[in-house]
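Structure record follows, encoded as structure tokens.
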Amino acid sequence: MTFWQKFQAIFKYLRRILGELGCELVAYYFSPYPFLRIQGTFRRIWRHLRILLLKKSCGRPPIPEPVIDLIIDMKRSNWNWGFLRISQELALLGLIVSKETVRKILHDNGFYPPKLKFAPPSWSALLNSYKSVFAMDFTCVIDAFGKQVFILVILDHLKRELVLLNATYFPNRDWLMQQLRNFHFDYDSPEAMIFDRDGIYGLWLAEALWDQFNIQPFRMPARSPWLNGRVERFHRTLKEELIYRLGYFEIDQIMGSFSAYRAEYNQSRPHQALGGKTPIATANSQVIALNQVRGHLKKNTVHGLIKRFDLVS
């Protein structure tokens with residue numbers, strides 16, 4: 001590459017990077033750390049100039065610029081994604097970048113991902129006792145008209161697959177039994193079902209699960225929500241990724257988004273407990289060399305609430 005070609009490449013790069021920084025500073029409320037973003041931008045420029053102009057040293061080759069662009073765009077588009085989530089999303093695309101490398105890239109560019117939180121209790125004893133375990137629970141939100149919406153979630157503990165997601169204003173015994181029949185027709189019955197001591201379940205649910213569906217009921221002790229921690233954690237994920245981002249919503253709008261979100265959760269979203277794979281394994285088994293990345297495409301899912309990425313071949 002001649003000096004003039006290097007000069008043109010540097011000029012185009014500076015124009016693009018400084019333009020992105022300017023857009024972020026104009027919409028400063030999207031960036032909680034404007035000063036750190038400015039500092040990170042100049043770090044990124046210095047890194048690019050050092051790679052392009054200075055003599056290359058021995059050792060591990062640097063991460064290609066298109067991969068860094070992809071990591072930063074993932075973080076800009078999904079602010080709640082941490083470095084582990086981004087590393088797993090890259091693995092689904094066939095790019096092997098460690099979570100520590102992603103953390104360093106985000107840190108150098110002024111993005112500080114949230115710290116990881118680990119749930120303490122283990123379900124190994126229960127999972128070893130049964131081959132398949134489902135868990136169900138209700139969560140509540142308030143719609144635009146001030147009405148309380150009850151959302152029923154049934155989750156596969158082992159696969160992390162979202163089995164059923166539905167909502168109603170008036171949950172009762174007949175509605176709950178119909179939901180159990182619906183998932184029973186679509187899925188093989190699990191050996192056990194975990195549920196809490198909510199008043200809607202009463203004493204009839206344990207008998208109905210065993211008599212009608214041949215499922216061993218597992219009623220949790222009182223005041224022990226951590227024993228159903230995976231579903232409780234999913235409630236937070238559902239609200240942060242879907243419901244709270246709908247803005248003005250009512251029950252029809254929530255239920256209209258459930259089908260798309262369930263497909264996104266089961267087929268595209270990487271899970272830490274599954275080693276970055278999806279509940280329905282659609283991960284890219286082909287590993288792509290980092291220096292072969294030429295760019296990326298961004299597409300909207302779940303009505304534009306979640307951004308997914310594909311590589312440009």
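Just to check I understand the Karplus step: with θ = phi - 60° and J = 6.51 cos²θ - 1.76 cosθ + 1.60, what whole-Hz values come out for the range 79-84, glycine and proline as x?
So the J values, rounded to whole Hz, are 5, 8, 7, x, 5, 5.
Spin-label point model (7 Å from Cα, Cβ direction): what's the TYR244 to LYS104 distance in nm?
If labels sit at TYR244 and LYS104, their model points lie 3.3 nm apart.
Amide H to amide H under 5 Å from PHE249: which residues, 5+ apart in sequence or cross-chain, H placed 1.01 Å off N in plane?
Excluding prolines and chain starts, which carry no amide H, the hits are ALA144.
Sorted by mean Cβ packing within 10 Å, highest first, what order do the peptides 181-190, 228-237 take? All intermediate terms of the calculation are to be shown ahead of the outcome.
Values: 181-190: 13.4, 228-237: 16.4.
Top to bottom by mean Cβ count within 10 Å: 228-237, 181-190.
Hey, rough spin-label estimate for PHE170 and ARG236, points 7 angstrom out along Cα→Cβ, what's it come to in nanometres?
Placing both labels 7 Å beyond Cα along the Cβ direction yields 3.5 nm.
Tell me whether the range 170-221 comes out rounded, prolate or oblate; compute the Cα gyration tensor, take square roots of the eigenvalues as a ≥ b ≥ c, and use a/c under 1.5 as the rounded threshold. Don't skip to the end; give the middle numbers.
Numbers: a/c = 1.85, a/b = 1.14, b/c = 1.62.
Cα axes put the range 170-221 in the oblate bin.
Among 296-303, 148-155, 4-11, what's the highest-first ranking by average C-beta atoms within 10 angstrom per residue? Before the final figure, lay out the partial values.
Working: 296-303: 13.8, 148-155: 19.4, 4-11: 11.2.
Those peptides, ordered most packed to least, come out 148-155, 296-303, 4-11.
Given the options PRO217, SER257, ILE243, identify the residue whose Cα lies farthest towards the positive end of the charge dipole of the range 215-294 (+1 on Cβ of Lys, Arg; -1 on Cβ of Asp, Glu).
About the Cα centre, the residue reaching furthest to the positive side is PRO217.
Going by how many other Cβ atoms sit within 10 Å of their own, how do LYS307, LYS104 line up, fewest first?
On the way: LYS307 16, LYS104 13.
Going from least to most buried by this count: LYS104, LYS307.
Amide H to amide H under 5 Å from LEU164: which residues, 5+ apart in sequence or cross-chain, H placed 1.01 Å off N in plane?
The list, which skips near neighbours in sequence, is ILE154.
Taking θ = phi - 60°, what integer Hz values does the Karplus form 6.51 cos²θ - 1.76 cosθ + 1.60 yield along the range 211-222, in sequence order, with x for Gly and Pro?
Running phi through 6.51 cos²θ - 1.76 cosθ + 1.60 with θ = phi - 60° gives 6, 8, 10, 6, 10, 6, x, 9, 7, 6, x, 5 Hz.
Place the peptides 194-205, 215-226 in order of packing, highest mean first, counting for every residue the other Cβ atoms within 10 Å and averaging per peptide. Could the numbers behind the result be given before it?
Numbers: 194-205: 14.8, 215-226: 13.2.
Ranked by mean Cβ neighbours within 10 Å, highest first: 194-205, 215-226.
Please turn the phi angles of the range 251-265 into ³J(HN,Hα) values with the Karplus equation 6.51 cos²θ - 1.76 cosθ + 1.60 (θ = phi - 60°), one per residue in order, whole Hz, x for glycine and proline.
Residue by residue, the range 251-265 yields 5, 5, 5, 4, 5, x, 8, 5, 4, 5, 5, 5, 5, 4, 5 Hz.
List the aspartates and glutamates whose Cα lies under 19 Å from the Cα of LYS147, skipping any in the same chain that are fewer than 8 positions away.
Here the aspartates and glutamates satisfying the reach criterion relative to LYS147 are GLU250, ASP252.
Laboratory data are not the source of any read-out in this text; all were calculated from the coordinates shown. Just so it is clear, the model here is predicted, and its values are computed rather than measured. FYI the Cβ positions are ideal-geometry reconstructions off the backbone, even for glycines, and counts take in every protein chain you see.
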